[in-house]
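Undergrad: Let me give you the structure first, and then I'll get to my questions.
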Amino acid sequence: MRPVLVLVDHTATQRTVCRSTCALLTLARRLGPPTALVCGRADAAGVALLGRFGATRIAAVARPELDAHPAAARVEVLAHLARRTRPAAVLIASHRLGQEVAARLTARLGTGLITDVADLRMGAGGPVAVKSALEGAYRVEARVSGGTPVFTVRTDAVIPVAAPVEPEVRRVDVTFPPAVRAVRRLGRRPAGVELPPELATAAIVVAGGRGMGSQQSFGLVGALAEALRGIAGGSHTATELGWCPRRDQIDQLGTIVHPRLYLALGISGSVRHRAAMQHAETIVAIDRDPGAPIFDLAHLGVVGDVHRVVPELLAEIRRRKAQPVISSREVAT
Ligand SMILES: Cc1cc2nc3c(=O)[nH]c(=O)nc-3n(C[C@H](O)[C@H](O)[C@H](O)COP(=O)(O)OP(=O)(O)OC[C@H]3O[C@@H](n4cnc5c(N)ncnc54)[C@H](O)[C@@H]3O)c2cc1C
C-alpha cells in the first residue's frame, strides 16, 4: 500500500506534538500507512505519541534551515519524500504555515490541492475529501484527478483516535537549494508560552467528578495525574461546580479522550461522559456506590471513598517511585 505523508506540528518550543497531528494521523490511516514527517528532534515522547496514533514510519529531519525558512524548507523535505515514496496523499494542518507549505508543495509537485478539508475517505479513484460549503449548507466531496493529492485539514473538526503501532524511525537527508541554504538563523526566541500536553491525546488521564466533594479535594485529581505523569480532567458536573476548567471537561461535546489508562474518581459514568472515554485501553474507577454505571465499563473497579483511596494510592505511587531501581546485575550477584 502507498504511504500517506503527514506533516507533524510541534508547539512553539518543539517539546510537544500537537493534537492537530494526531487528528491528521487518524484520517491518514484511512488512506494508507501514515509516514509522519518530524521537522526537528524526534524525541522518545514524540515518537511514542506518533506511534500511538498510528504512524508506522517517522521520517525525521533536524536542520537549521527548517527554523530559518520554515515554509520553503518543509516544502523541500516533503517534495523529496513525495518523489521517493510516491505517497497516496499528503496531509497538512490548515493553519497559516500549513497553508503556505501546501500551496507551494502542490505547485512543486504539479498536482492538486484541496483546502480546509473536514473529512477524508478512500474512494475507488483515490482519496476523497469532504468539505462544507456555503457556511455549512452543503457538504461537498472532491477529488484530485491526477498525481499526489495535497490536503489541508481543519483538524478541530476531527477527533483523534488512537491505533497503536511501533513506528520505524528514519533520518531524512535532504540537499536544500541555495535559496534555502543561504538563510542563517541568528537566534531563537519562542514567542509564546509552552503549551502543556493536551488532554485529547494524553496517554494517561485522571478525571474527577462530583464525588470529589469540593474544590479542595479536587486537588487530589491533579496530584494523582502529576504522580502518574498524566493529564487531569473532569466530568460535566465537576466543571459546572467550577472545580475544573471548562476546556478540561470530558464529555461528548467537550474533550474526547483515548488514553492508554483512564482513572475515574467519583464519576458515576453517565451516557455523555462514557461517550468521551469508553475507548480508553484500561479504565480504572473509584466510586463508593457499587451500582455506579462506571463499573460496567471499568476493567478495574475500587468500591470506596475517594478521600481514603486516592491518598493511599498516591502514597503507594510515591513510595514505589522513591525505591532505588535494582539493576539486573545486582539481582544476579
Ligand atoms: C441541565 C443539565 C445539563 C447537562 N449537560 C451535560 C453535558 O453537557 N455533558 C454531560 O456529560 N452531562 C451533562 N449532564 C448530565 C450530568 O452532568 C452528567 O451525568 C455528569 O457526567 C455527571 O457527573 P459526575 O459523574 O461527576 O456526577 P454524578 O453523576 O453525581 O456522580 C458522582 C459519583 O460520585 C460518587 N461519589 C460521591 N461521593 C463519593 C466519595 N466520597 N467517594 C467515592 N465516590 C463518591 C457517587 O456514588 C456517584 O457515582 C447535564 C445535566 C443537566 C441537569
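The values are calculated or read from the model by the stated rules, or taken from the named source; none is laboratory data. As the structure is a computational prediction, the values presented were derived from the model and not from experiment. Cβ coordinates were reconstructed from backbone atoms using ideal geometry, including for glycine residues, and neighbour counts include every protein chain displayed.
Undergrad: Quick one: in segment 238-268, which of the residues that are of a type outside the set (A, V, I, L, M, F, W, C), in contact with a Ser or Thr (Cβ under 9 Å, 6 or more places away or on another chain) and near the ligand (Cβ under 10 Å from one of its atoms) is farthest from GLY209 (Cα to Cα)?
TA: GLY254
Per-residue answers, yes or no, for (1) in contact with a strand residue (DSSP E or B) (Cβ under 8 Å, 6 or more places away or on another chain); (2) crowded, with 17+ Cβ neighbours inside 10 Å:
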residue	(1), (2)
GLY222	yes, no
ALA232	yes, yes
GLY242	no, no
LEU253	no, no
ILE267	yes, yes
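Undergrad: Now for a different question. Identify the residue in segment 278-303 that is under 16 Å from the mean Cα position of the chain (by Cα) and either modelled with pLDDT of 95 or more or surrounded by fewer than 18 Cβ atoms within 10 Å (Cβ to Cβ) (or both) and, among all such residues, is nearest to the ligand (Cβ to nearest atom).
TA: Across segment 278-303, the extreme among qualifying residues is HIS279.
Per-residue answers, yes or no, for (1) among the charged types (D, E, K, R); (2) in contact with a helix residue (DSSP H, G or I) (Cβ under 8 Å, 6 or more places away or on another chain):
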| residue | (1), (2) |
| --- | --- |
| SER214 | no, no |
| LEU220 | no, yes |
| THR239 | no, yes |
| ARG246 | yes, yes |
| ALA276 | no, no |
| ASP296 | yes, no |
| GLN323 | no, no |
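Undergrad: For segment 248-272, enumerate the residues that are within 17 Å of GLY301 (Cα to Cα), of a type outside the set (S, T, N, Q) and out of contact with any Gly (no Cβ under 6 Å at 6 or more places or on another chain). Talk me through it step by step, then tell me what you get.
TA: Of the residues in segment 248-272, the ones within 17 Å of GLY301 (Cα to Cα) are 260-270.
From what's left, of a type outside the set (S, T, N, Q): 260-267, 269.
Of everything in segment 248-272, those that are within 17 Å of GLY301 (Cα to Cα), of a type outside the set (S, T, N, Q) and out of contact with any Gly (no Cβ under 6 Å at 6 or more places or on another chain) turn out to be ARG260, LEU261, TYR262, LEU263, ALA264, GLY269.
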